[in-house]
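Worksheet: one structure, shown below.
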Amino acid sequence: MPKQKLKQKPIILLCCLGLFFPLSYAFAGVVLDSHKYAWSNNVGYINFENVIVNDSALSGHAWSANKGFIKFNPALGGVSNDGAGNLSGSAWGEQLGWIDFDNVSIDGTTGKFSGTATGTLIGTLTFDCGFCDVETDWREADASDESSSGNGSGSFPNVSITPATLSNITIPNASLNTEFFTAVNPRQSAPIANNNIPPLFDIVSAPVPSTRENSAPIALSVVAGAIISMLALFVAKKIRVYRIAKTKTKNEII
């Protein structure tokens, strides 16, 4: 048991921390399989299928059939994302050296790459030509909020609510099976005094006639309940006396 409790304590602590300090995360996107090729004027097509895009940087690697891997988060460099899709920094190619991405951007609403990356060996790497196209499912956070809210502000859309006008509403007695309520009338507007807000409706009630037929069953129920309570007390008292006498007799015999 002590070992199990020790194992449970870290889990409970993590749950508590999760309640008071919600985890923040950056949405990571991948390059779409049907839109993954950029074009270099020196080495041909570059496959971006294994490149990962998040709100702060690019990671993973691209692949050139002629020149090998291009790494996006090398130890001495890396390609950054400012959160709006504007890229900066450099990737590293095994046989291509440094590749500058300062003039490349990603559309925050469509995920489409545009612009050109450049390097001494790779030349000009183009992302949006007639025979190349690179897109990701990453989206800018603010753009996602705007598209979900529908009003471009990232907040709830304005909703105009028109109050309904009520006329006399008659409540059918058949559904209630009683004569307590006969109608609901809309309350007339009146000035609010002393912060007392009047109710919206007046419930028009009809008194229920008090007859001997209605009161007789109630009286019988009360009398029956009293008799049962008295009998229960009497039996409990007898049982208690019997137990005391039995205990006393046993002590005398001992």
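Where a number appears in this text, it was derived from the coordinates with a stated rule and is not lab data. The structure displayed is predicted, hence computed values, not measured ones. As a convention, Cβ positions derive from the backbone with ideal geometry for all residues, glycine included, and neighbour counts pool all protein chains shown.
Would you confirm whether or not region 119-127 contains a residue that is exposed (fewer than 14 other Cβ atoms within 10 Å of the Cβ) and either among the hydrophobic types (A, V, I, L, M, F, W, C) or over 21 Å from Ser34 (Cα atoms) (or both)?
yes
Output yes when any residue across region 83-100 is surrounded by 20 or more Cβ atoms within 10 Å (Cβ to Cβ), out of contact with any His (no Cβ under 7 Å at 6 or more places or on another chain) and aromatic (Phe, Trp, Tyr), and no when none is.
yes
From Gly85, Gly130, which residue is within 25 Å of Ser34 (Cβ to Cβ) and without any contact (Cβ under 8 Å) to a residue 12 or more places away in the chain?
Matching residue, one of Gly85, Gly130: Gly130.
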